[in-house]
Every structure is written in structure tokens, then in C-alpha cells.
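K.L.:
Dropping the structure in here first, questions after.
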Amino acid sequence: MIISQQYHIAQKAKDDEMSGILQNIHKSIEQSLKDNYVGALTLALTINDKGIPENFEAVGKQILANDEYIDAVQLVPDGIIRYTYPLEGNEAAIGINLLKDEKYRHEALKAIQTRKMYFAGPFELKQGGLGILGRLAIYKNNKFWGFSAVIIRFETLLNNPEIKNIDHSRYAFQISKFSSITQKENFFLGSNQKPDPKNTVTAFVPDGDWKLYLIDKQPNEFFAAYILKGILGFITALLIGFLTTAFFKKPAELEKLLKKQADELLKNEIKFKSVFDQAAVGITYVDTVTGQLLEANKKYCDLLGYTEEEIKQKNIITIIHPDDLKKSFKNFEKLKKGIIREYSTERRHITKSNDTIWIKLTISPLWEINGIPTNHIAIAEDVTERKLAEQVILDSQKRMESLINTIDGIVWECNAENFEFTFVSKKVESILGYTSEEWLKTSNFWVDHIYPEDKDYAANFCVDQTKKLKNHDFEYRMIAKDGSVVWVRDIVNVISENGKAKKLRGIIIDVSKNKETEKDLNNSFNLVTEQNKRLLNFSYIVSHNLRSHTSNISSIVDLIDNSESEEEKEEMIQLLKSVSDSLNETMLNLNEVVNIQTNIGIVTEQLNLKQYLDNTLAVLADQIELKGIKIINSIKEDIEVIYNPAYLESILYNLISNAIRYSHPEKHPIITIDCYTEHNKTVLKISDNGIGIDLAKNGHKIFGMYKKFSTHKDSRGIGLFITKNQIDAMGGSITVESEPNLGTTFKVYIS
């Protein structure tokens, strides 16, 4: 029974060792492929909106510098290899059409169908040698652009530390792939024969459809040793039977002998001496109270570099790394108090040569349930190489993350079902002011920080496009940490499995400057358009009015020349003087308009609106009293506006004098003046119950020059035109509401 147990323990240890080795290889290869994906995604970001790569060689060089497991990178527009870095040694691949060449077509289509990075091969490369091609399908504006690809030579893949460190005297490594074309499993290392399943452990790499094998080259290494022990055990059993028969007549003596042998056997059984010494892992007994090492097998002594006698002189405190002591004592106290019965951990130990090694420990007490602990047993396994490999992988991840953080945009990844983010690059700090940690600790951070007016659109659009498995590109506003609004462009790639979106990956770019430029251009365009309208209107006015005056002057001059008497000439000269005065008035009006429209540096001051209104009413007091007009003034004394004093006087005078001039002859005239705030602007409102204006007929020309809407003798058609120009020059606006016989309301919006 003991021999059988020893054999199974040894075989189980070997199986566990093989599984651990292959698991480490599997994890290392999958991590390398994930790093390759980041490289391919980074390369894809060099493609601009026109579908042309920018800084391809510089980015490619950086990717190769950061990832030692990539030999070259490619961009493959429309499935044709156009760009390769480095080009030297890879010239033969340029121009290959992956979608038409039967050798590459099937696996290229698989990368498109799965919409994730797929590693084709191994196969013979055009540029020579056996290699693997990792291809990531790229879409621009929801249209297939081509592939971003990495080239990994097969010998580079095999240069993985976990593969190199295999004990080739005991194990063999094999990699295979099932060909959907030939319907056969192809093996790429050594023999093409499928290994015996009894002597192998396997793992599967889905990103390349590869099957990994670790093969036991010595499947029967324990059999010979243990069969010999079995024979010796059988002989021992026969000998015991013979002695039992021989001493059957001496029961007392035999009973004493049997008891002695039973005690020795029990002692040996408790210590598992035979198993203890032959175990493939380190085993030691430790005093639970003092921490003294009581006994250790050869494997444990070899791990730490001590002899069996030296190890018995050591205390557990002296061999644990100082940085791991606190955690170890915490678990040990729980063990002694019975809070836990066993635990597993990984910690560092100091060897005799003062080196640091990593050990995986499984610790159990040697006591009965509810009993008092006396000592415990620790099973130790050296995991230093795995820890170093994990550190290498971690360093590689940090380098790739550093590369991602140099991209001028926020690189991110999130769950496609609930939009909970799993990665946000450090660039978020410079664009929005938040840290990556602040973003990731809140599940709804993205939606919660979209500008309120854009929230429904952005969230619904992203959900809709994700359900359709469509990559998408859209713009919206976000609220930065300082409260400012930032325009962003979000370029999103949908990662799906079995027809269902699993992840979203993308990059958020700050486009605020572009939006400001676009806004400035629109404002400039609107300004130029308005100025052109004014210029055209002004040129028409100048042309029309001056032509009218000059035509009159020319006609009068002809009449003077043809006059037959001095009386006729004198009459014509008086008429000529009248026309000249009219021309002079027109020139003064035009000059005033020109001054308003060309006065760029208008001087403004802080003015009390009520004071200026009172001054205007004082100037018009005679007209107000003459017509018996009731003034209702609701403007408060503390209202201040930033305005040009002359313009404010002119605007108030023109609007109130118009209200007086066009009062209704059959009504008691009332003028109401008020001021209030609307959309952060000060609004001056002047209303009357006068004759009103037919806006349906004249609304489009109410602020035109020399436009008259009544037969009043004092109407010149220039006041509202000048008022409109003055308000426009101050960056404000004016509106009018009016109905015939009901009255008119003007609203002046002061910026």
C-alpha cells in the first residue's frame, strides 16, 4: 500500500508539474498575443480620416521597440499589403492580396468575420521562414478599410522564456493547428505524429486556433524503481509470514515483537518517511509555538541551500523575507487560534547564499479537530521562474500603457452591455481633468458627465450602433472637472462574439478648438453676409437718392438756360436752392450712417438707464404736454448698462419721438417704458397705443432708409434706419410688434 501510494504521489506531482509548466506557457503566449493586439490597434490609429496612414514608420519602430515578440508590422488596405516596417527583408510580401491568394484568404476572412484580431499560421512566409500573421480588421466610417497586422516569426514565438526553460531531458513541447482545408491537424515541431494522450497535457489558444502539447518523454520513469520496491515488499511479507509461522508457538514473544514492529511502522507512517524523502516538492515540519524547523526533506533543503542538519537549526523567522513577515504572522496566528485550519500563500524566502526565491506554500496544522496545536507541516514549491515571467509580462504591459498614454486622445475600453469602463488612459487628466481612477470607480461615469443637452443623443446613438455591431464615430460635449464644456469626438470599435457585442474600444479626441474655429468662421461668414447686405442696401440708397437729386438739378439748370425772363430765372434759382438743401440733408444722413458703420472703436461707458430716459423725456416735454401723452415709466433707478452715450441718447429720442409723432388722434395716447432681463440680456421695451404699422405689408422694410409708413408731414424715413444701425454697432438687436390702430412695441436687446 505504501509503495502504491508513493508511486501515485510521485506520478501526481509529475502531472501537476506538467500542467503548471503548460499553463505558464499558455498564459505567456496569450499575454504576448494581447500585447500584439495593442500594437496592431496603435498602428491602426495612424490612419487618418482619408484612409491614409500618418507616421507609419515612426509608430512601427516604436511598437517593435516596445514589444520584443513582434518582428514586423503591416498595414493592408483593401486586403493588399502596402506598408511594412521594417521593409528590409520583407520586400517579397509587398503587393500580396490576402483576399484573393488561396494560401491566406481563409484566415484573412476569419479576421473580418470575427471582428477581432486573429493569428494566422504558422506557415511559410513569402520573405522566407515560418511565421505567424496577426491581423486586425479596420473599419472607417463603418466600411472595411483593410487590416492592421503584426508578423511574428515562429522562432520568435518559441523564444518565449517559459518554452525555453522546459527541461527537455524530461519533456517535449509541441504546437499544432487544425486545417479546415485539409481537415487534418498539422504539427510544427519535430514529428507530425499526434502524441499519446496518456503522456500529454494540452491547452488551446483560441486567438490562433492552436493546440499546445507538453509531452512526457519518460512516462515510465517511476515504474522500475517502484516495481523493485514492490518485489522487496513481497519478499518481506513472505519473510514475516515465515517468521510468524516459525514463532507461532511463542505467542508472548511474538506479540512483543509484533508490537515493537507495529510501533516502528506507526512512527514511520506518521512521518511518511518514505514519501517524505522521495517527494518532488519541499516538505518541512515546524513547531507551531516557537517557529523552529523540526525536520525537512531533501527537496526543501535544496531549495534553501542548507543541509538537513543546518535546516534544523533555523527558525522560520530567519528564512522569510522581511517584507513578507507581517502577512505570514497574521495567517499563522489565525492557524494557532483555530480560526483557519490551513492556508496557501506565495511568499519570498532568503536562501543560505542570501538570494531571494519565491515559494508557493500550503500550510496545515498537525492536530486533531478542536485540539491544541503542537506543530504544522508546510509543503513548498519553487515558483521563482513564474514570478519573474509575470514581472516581465507586467513590465511589458506598463510599456504598452506608456505608449498608449502618449496618444493625443483618451484610449478606453468598456463592457458593451452596461457601458462600465474597464480601462481609461492617463490622457483623460489633460483633456477633462479627471484621473483614470476617478473615472473607473464610478460605473456610470461616462453618461453622468455628458453635457445635459447631448446626453440622450450620445447615449442612445451609442446603444443603437452597438446593437447593430457597427463601429461608429460621433461628436458630443462633456463636462470637465473644472466645470468647463469640452467638445469631443468619440471613435468606437465594437468587439463581438457569436453575433453579440461584448466590448467597446475607442479613443476620445478633444475637438474644442475645431468647434471654436468653426464657430468663428460661421460668425465671420454671418458678419460678412450682413455687411454685404448693408453695403448693397447703402449703395442702392446712395445711387437712388443722389441720382434723384442730380437729375432734378440737371433739369432745373436746363430750365434756367431756357428761361426768357428774369422772374423765371429767379424762380428756378429758388427751386435749385431747395433741391440743393435736400441734397445736403441727404448727404448729412448718409454721412451719419457711414460714421455708425465704420466706427470700429466705439467708446462705451457704464450709464444709468433711468437718468438718460429722464433727460430724453425732458427734451420732449413740450411735445408730450402738447398732445397730452401719459408716460408710464417702470425703469428702476439702479439699472446700469454698458453703452455709447450718444447712441443711447439717439435711440431713446428716436423711439419715444416716433411714439409721440404717430399717436392715435382718437385715443388718449399712452407710452409705456419698461426694462427687464431675458436670456442674460437687458431688454428695453417701449410700447404705445398709436396708429400702428401694417407689418404684413411693411414688416420687411421697417428699418430701411427713407422708408415711410404714414403721411405724417414730419416723417423722413431715416430715424429707425439710424437707430437700427446704432443698435447693431453695439452688438445688440431690435424687434418690433405692431398692428394698425392698436399700437406698436419696440424691444431693444442690449448685450
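K.L.:
Please find, within region 158-213, the residue that is nearest to Leu130 (Cα to Cα) out of those that are at pLDDT 85 or above and among the hydroxyl-bearing types (Ser, Thr, Tyr).
P.N.:
Only one residue fits best here, namely Ser176.
K.L.:
Being touching a helix residue (DSSP H, G or I) at 6+ places or on another chain (Cβ under 8 Å), surrounded by fewer than 18 Cβ atoms within 10 Å (Cβ to Cβ) and farther than 30 Å from Trp358 by Cβ narrows it down to one residue among Lys468, Lys426; which is it? Outline the logic, then answer.
P.N.:
Values: Lys468 fails: touching a helix residue (DSSP H, G or I) at 6+ places or on another chain (Cβ under 8 Å).
Matching residue, one of Lys468, Lys426: Lys426.
K.L.:
Hey, another quick one. Against the condition open to solvent by 20 Å² or more (accessible area, probe 1.4 Å), among the β-branched types (Val, Ile, Thr) and assigned to a strand (DSSP E or B), how does Ile491 come out, does it pass?
P.N.:
Details: open to solvent by 20 Å² or more (accessible area, probe 1.4 Å): yes; among the β-branched types (Val, Ile, Thr): yes; assigned to a strand (DSSP E or B): yes.
Answer is yes for this residue.
K.L.:
If you don't mind, there's one more thing I want to ask. Being open to solvent by 10 Å² or more (accessible area, probe 1.4 Å) and over 26 Å from Lys116 (Cβ atoms) is the filter here; which residues of region 471-485 pass it?
P.N.:
Glu475, Arg477, Ile479, Lys481, Asp482, Gly483, Ser484, Val485
K.L.:
Look at Leu109 and say whether it is open to solvent by less than 10 Å² (accessible area, probe 1.4 Å) and either free of Cβ contacts under 8 Å to residues at least 40 places away in the same chain or touching a Pro at 6+ places or on another chain (Cβ under 7 Å) (or both).
P.N.:
Against the criterion (open to solvent by less than 10 Å² (accessible area, probe 1.4 Å) and either free of Cβ contacts under 8 Å to residues at least 40 places away in the same chain or touching a Pro at 6+ places or on another chain (Cβ under 7 Å) (or both)), Leu109 does not qualify.
K.L.:
Going through region 312-329 one residue at a time, which ones are of a type outside the set (S, T, N, Q) and open to solvent by 70 Å² or more (accessible area, probe 1.4 Å)? Break it down stepwise before answering.
P.N.:
First pass over region 312-329, keeping only residues of a type outside the set (S, T, N, Q): 312, 314, 316-317, 319-327, 329.
Selection gives Lys312, Ile317, Pro322, Asp323, Lys326, Lys327, Phe329.
K.L.:
Output the number of the condition that Phe525 fails; it satisfies all remaining conditions of (1) crowded, with 17+ Cβ neighbours inside 10 Å; (2) of a type in the set (Phe, Trp, Tyr); (3) not in a strand (DSSP E or B).
P.N.:
(1)
K.L.:
If I ask for residues that are of a type outside the set (Phe, Trp, Tyr) and under 16 Å from Ile656 (Cβ atoms), which ones from region 739-751 would you list? Steps first, please.
P.N.:
First pass over region 739-751, keeping only residues of a type outside the set (Phe, Trp, Tyr): 739-745, 747-748, 750-751.
If the condition is that a residue be of a type outside the set (Phe, Trp, Tyr) and under 16 Å from Ile656 (Cβ atoms), then Gly743, Thr744, Thr745, Lys747, Val748 are the ones that fit.
K.L.:
Further question: Does region 700-710 contain any residue that is open to solvent by 20 Å² or more (accessible area, probe 1.4 Å), of a type in the set (Lys, Arg), closer than 28 Å to Lys610 by Cβ and modelled with pLDDT under 90? Outline the logic, then answer.
P.N.:
Here is the first cut: in region 700-710, the ones open to solvent by 20 Å² or more (accessible area, probe 1.4 Å) are 700-701, 703, 706-710.
Add one more test, that the residue is of a type in the set (Lys, Arg), and what stays is 701, 707-708.
Now drop any that are not closer than 28 Å to Lys610 by Cβ, which leaves none.
No, every residue in region 700-710 fails to be open to solvent by 20 Å² or more (accessible area, probe 1.4 Å), of a type in the set (Lys, Arg), closer than 28 Å to Lys610 by Cβ and modelled with pLDDT under 90.
K.L.:
Select from region 330-361 the residues that are β-branched (Val, Ile, Thr), out of contact with any His (no Cβ under 8 Å at 6 or more places or on another chain) and within 16 Å of Thr384 (Cα to Cα) and list them in ascending order. First the steps, then the outcome.
P.N.:
Step one: list which residues in region 330-361 are β-branched (Val, Ile, Thr), which gives 339-340, 345, 350-351, 356-357, 359.
Checking the rest, the ones that are also out of contact with any His (no Cβ under 8 Å at 6 or more places or on another chain) come to 339-340, 345, 351.
Of everything in region 330-361, those that are β-branched (Val, Ile, Thr), out of contact with any His (no Cβ under 8 Å at 6 or more places or on another chain) and within 16 Å of Thr384 (Cα to Cα) turn out to be Thr345, Thr351.
K.L.:
Out of all the residues in region 184-234, which are open to solvent by 90 Å² or more (accessible area, probe 1.4 Å) and either assigned to a strand (DSSP E or B) or in contact with an Asp or Glu (Cβ under 6 Å, 6 or more places away or on another chain) (or both)?
P.N.:
Within region 184-234, Lys184, Phe204 meet the criteria.
K.L.:
So which residues in region 506-522 are open to solvent by 40 Å² or more (accessible area, probe 1.4 Å) and out of contact with any Phe, Trp or Tyr (no Cβ under 6 Å at 6 or more places or on another chain), if there are any at all? Steps first, answer last, please.
P.N.:
Here is the first cut: in region 506-522, the ones open to solvent by 40 Å² or more (accessible area, probe 1.4 Å) are 509-510, 513-522.
Across region 506-522, the qualifying residues are Ile509, Asp510, Lys513, Asn514, Glu516, Thr517, Glu518, Lys519, Asp520, Leu521, Asn522.
The values are calculated or read from the model by the stated rules, or taken from the named source; none is laboratory data. Note that the coordinates shown come from a computational prediction; the quantities given were computed from them, not determined experimentally. Counting neighbours? That spans all protein chains shown, and the Cβs are built from the backbone with ideal geometry, glycine included. All accessible areas refer to the heavy atoms of the entire protein, side chains included, with ligands and DNA or RNA removed. Shrake-Rupley method; radii C 1.70, N 1.55, O 1.52, S 1.80 Å.
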